[in-house]
Amino acid sequence: MSQLPFSQACVNNRQPILDTLRPLLQSCSQILEIGSGTGQHAEFFATALPSLQWQCSDRIDNLAGLNQRITMAQRPNLAAAIELDVDHWPTLPSVDAIYTANTLHIMSATSGARLLAHAAQQLTPQGQLLIYGPFKRHGQHTCDSNVQFDRFLQARDPSSGVRCLEDISAVAHQHGLTLAAVFSLPANNLLVQFIKD
């Protein structure tokens, strides 16, 4: 287990995220996770939500460690991860929910817009797009730690950075996704729910 990719943040935030996701996903059967990373969220959520088929995805350079965790988890509702790059979206079956955590701020705004556009096409009518991570509200950071985090991100990659929820919502709306709910979670993060019209 020590050789598996690991994120302490995933351990810290998984229970509050699950508590928020559980009632939202009650009527869902298939969920696509974009940017599954270490796979810790997927393993934890698939175990807690056994009636939900959880499909992980990530860029090709992350698949080996991700699939190692999935194989070791031996969950019947957790399939092998697939390659997915938001800039080169594959042809996939429709799903009634899409989940992504801590992805929008590490990709460019253009890639983020592509994620929203493709997610809207991938979802069935009334399907949900669920996005977890830090956001600005009305153009302003919500806490000092997010200011520092944003500076760190942009110093590493000027095209990245904490996104403004209102900007994300405007782009989502262009693709038929309506902001339905915003949930405040620990560590100054949000879980945002969009519904496909």
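The values are calculated or read from the model by the stated rules, or taken from the named source; none is laboratory data. All values derive from a computational prediction rather than experimental measurement. Every residue, glycine among them, receives a Cβ derived from its backbone with ideal geometry; neighbour counts consider all protein chains shown. Heads up: the accessible areas ignore ligands, DNA and RNA and are worked out on the full protein's heavy atoms, side chains in. Shrake-Rupley method; radii C 1.70, N 1.55, O 1.52, S 1.80 Å.
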Scoring the chain by relative contact order with C-alpha pairs under 8 Å, at least six apart, yields a percentage of 19 percent
Given a 1.4 Å probe and every protein chain left where it sits, what share in percent of the accessible area of the chain is carbon and sulfur? 52 percent
Would you mind computing, in nm to one decimal, how far apart the modelled labels at SER145 and THR110 are, each placed 7 Å from Cα along Cα→Cβ? 3.3 nm
Dipole check, the chain, charges on Cβ (K,R +1; D,E -1), about Cα centroid: among MET107, LEU52, CYS143 the Cα furthest to the positive pole belongs to CYS143
Can you give the calculated 222 nm mean residue ellipticity of the chain, where each DSSP H run of n ≥ 4 adds -39,500 (n - 2.57) and the sum is split over every residue, rounded to the nearest 500 deg cm²/dmol? -11500 deg cm²/dmol
Here the gain from full extension of ALA48 to THR71, 0.36 nm per residue of separation minus their alpha-carbon distance, amounts to 6.6 nm
Local electrostatic count at GLY39 - Lys and Arg +1, Asp and Glu -1, tallied over other residues with Cβ under 12 Å: 0
What does the charge count near ILE168 come to, summing +1 for each Lys or Arg and -1 for each Asp or Glu among other residues with Cβ under 12 Å from its Cβ? +1
Suppose R0 equals 41 Å; then what is the FRET efficiency for ASN12 and THR91 from their Cβ-Cβ distance, rounded to the nearest 0.05? 0.70
Using a ≥ b ≥ c from the Cα gyration tensor of the chain (square roots of the eigenvalues), is it rounded, prolate or oblate, where a/c under 1.5 gives rounded and otherwise the larger of a/b and b/c decides, a/b for prolate? rounded
Answer rounded, prolate or oblate for segment 146-197, using the Cα gyration tensor with square roots of eigenvalues a ≥ b ≥ c: rounded when a/c is under 1.5, else prolate when a/b is larger than b/c, else oblate. oblate
To the nearest 20 debye, what is the magnitude of the charge dipole of segment 111-197 about its Cα centre, counting +1 on the Cβ of each Lys and Arg and -1 on the Cβ of each Asp and Glu? 100 debye
Surface accessible to a 1.4 Å probe, per residue, for the residues of segment 61-148, Å²: 47 Å²
About its Cα centre, what dipole magnitude does the chain give when the only charges are +1 on Lys and Arg Cβ and -1 on Asp and Glu Cβ, stated in debye to the nearest 20? 240 debye
Is segment 44-97 rounded, prolate or oblate when judged by the Cα gyration tensor, a ≥ b ≥ c being the square roots of its eigenvalues, rounded requiring a/c under 1.5 and prolate requiring a/b larger than b/c? oblate
